[in-house]
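The values are calculated or read from the model by the stated rules, or taken from the named source; none is laboratory data. Predicted, not measured: the structure shown is a model, and the values here were computed from it. Cβ atoms come from the backbone with ideal geometry, glycine included; neighbour counts cover every protein chain shown.
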Amino acid sequence: MKKFFIIIAIILFSGLMLVNAQKENSKNKFSPHKRFEEMRKEMLSILNQNRKINSDFFDNFFNDDFFSGKYNPFKEIEEIHKSILNSIKEERQKVFKDSWDNWFEERIGEKNIKIKQIETDKEIIMEIETPDKNANIEIKDNYVKISYEKKQKVIDEKDGAKSESFSTEKYLKILAIPENAVPDKHKVEIKDNKIIITFEKK
């Protein structure tokens with residue numbers, strides 16, 4: 001009988017630990033809808049001051065946690081865009097739209113990049129031309145992330161005096177993985193200024 005109660009106690013304790021772990025995971029889990037409400041309030045404050053929203057603002061929300069969620073991040077972005085547009089006053093919509101479109105083209109659209117997709121019986125190939133072949137490449141479940149930083153020297157001549165300073169150009173592009181591709185079965189090659197990613201086909 002004593003052994004029976006010990007087994008029951010162990011089972012109850014294990015169950016309690018599992019519940020607590022699930023609660024902790026739930027707390028730490030990225031929630032786009034909760035974050036969206038915070039983002040919307042902050043964004044409305046900026047728009048009410050008739051200021052443009054810079055790309056860093058959107059980057060802080062649409063970060064690695066957002067793109068790594070168990071949903072289609074690109075569809076979520078579409079829904080969030082529609083939701084925000086419908087929730088702001090008409091006179092503020094143009095400022096929002098211009099800010100959003102600029103960020104979207106830089107990060108997800110085809111600005112400063114050329115993409116060619118080739119599909120065979122067994123493979124899906126993405127040929128990506130970027131301004132810098134030494135970019136960092138990350139391939140996740142839902143997306144391909146391409147990024148780099150380039151330092152540039154700026155020489156300023158004024159009144160016969162020269163001064164030097166450095167500026168940093170940051171490049172970040174996030175691309176959807178083709179629907180029929182297997183994300184974790186791929187190979188990456190760099191030829192000239194092209195990044196070639198070959199995925200196994202589902």
With the checklist (1) out of contact with any Gly (no Cβ under 8 Å at 6 or more places or on another chain); (2) in a helix (DSSP H, G or I) in hand, flag the one item residue 109 doesn't pass. (2)
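Here is a yes/no grid of residues against (1) surrounded by 10 or more Cβ atoms within 10 Å (Cβ to Cβ); (2) in contact with a Lys or Arg (Cβ under 7 Å, 6 or more places away or on another chain):
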{"site": "71", "(1), (2)": "yes, no"}
{"site": "91", "(1), (2)": "no, no"}
{"site": "100", "(1), (2)": "yes, no"}
{"site": "104", "(1), (2)": "yes, no"}
{"site": "134", "(1), (2)": "no, no"}
{"site": "174", "(1), (2)": "yes, yes"}
Residue, nearest to residue 40 (Cα to Cα), within region 75-115, restricted to residues that are in contact with a strand residue (DSSP E or B) (Cβ under 9 Å, 6 or more places away or on another chain), among the aliphatic types (A, V, I, L, M) and at pLDDT 90 or above: 108
So which residues in region 66-105 are among the aliphatic types (A, V, I, L, M) and either more than 13 Å from the chain's Cα centre (by Cα) or assigned by TED's automatic domain parsing to the domain that holds residue 172 (or both), if there are any at all? 80, 84, 85, 88, 95
Of all residues in region 45-63, count the ones that are among the polar types (S, T, N, Q) and touching a helix residue (DSSP H, G or I) at 6+ places or on another chain (Cβ under 9 Å). 5
Does residue 169 meet the test of being of a type outside the set (S, T, N, Q), under 27 Å from residue 55 (Cβ atoms) and surrounded by fewer than 16 Cβ atoms within 10 Å (Cβ to Cβ)? yes
Of the conditions (1) under 19 Å from the mean Cα position of the chain (by Cα); (2) assigned by TED's automatic domain parsing to the domain that holds residue 190; (3) in contact (Cβ under 8 Å) with a residue 60 or more places away in the chain, the single one that residue 122 does not satisfy is (1)
